[in-house]
Amino acid sequence: MNLVGKARAESLEVKADASITGTLVIDNHVSAEEFKLVGDCTCKGIRAGKFNVRGNFQASEYVNADDVNIKSQWNSTTKEMGGKKIVVRRSRLGIHCILEADAMEYDTVDIQHTKAKVVRGRDVIIGKGCEVELVEYSGTYEAQSGAKVGKAVKV
């Protein structure tokens, strides 16, 4: 499914790939095998095998995707995020944008410009512009220059 422009719906469930360029407002949840977003999306939750963002999203409950790649252009928020791998970067257009989440849990975490209460993972890299209260990791951990981490615990 390809959408260019603006759309509003109660829910969006796509059995294959969904590519959105523009603005998407969903009252409930978005579900797709691969969800590509260029623009912004507001919904309760996102469930996908792959979630690629160049823009922003507000998921009031969760993002559940195995492979997440975010290039923020504006602020994004959610309560919980989980899957296998997450990479967060700021695009050249996103001067002061940040991803905010209460909890993030991935096998592999490589984030920048992210504010989170808890980040859990096997291999974790907390990069510049991050503010994380607690990091729990089981493999490797690195806090890069410009990152603020309250506490890191190997579990």
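The values are calculated or read from the model by the stated rules, or taken from the named source; none is laboratory data. Quick caveat: nothing in here was measured; it's all calculated off a predicted structure. Don't worry about glycine lacking a Cβ; one is built from the backbone with ideal geometry, like all the others, and counts go over all protein chains shown.
Tabulated data for the structure shown
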| item | result |
| --- | --- |
| Odd one out for I86, checked against (1) surrounded by 15 or more Cβ atoms within 10 Å (Cβ to Cβ); (2) of a type outside the set (D, E, K, R); (3) at positive phi | (3) |
| Lone qualifier among A7, A32 - being assigned to a strand (DSSP E or B), hydrophobic (A, V, I, L, M, F, W, C), without any contact (Cβ under 8 Å) to a residue 60 or more places away in the chain and surrounded by fewer than 20 Cβ atoms within 10 Å (Cβ to Cβ) | A7 |
| The range 13-29: number of residues that are of a type outside the set (K, R), farther than 9 Å from D40 by Cα and modelled with pLDDT under 95 | 6 |
| Members of the range 111-131 that are in contact with a Gly (Cβ under 7 Å, 6 or more places away or on another chain) and buried (at least 16 other Cβ atoms within 10 Å of the Cβ) | I111, Q112, H113, D123, G129 |
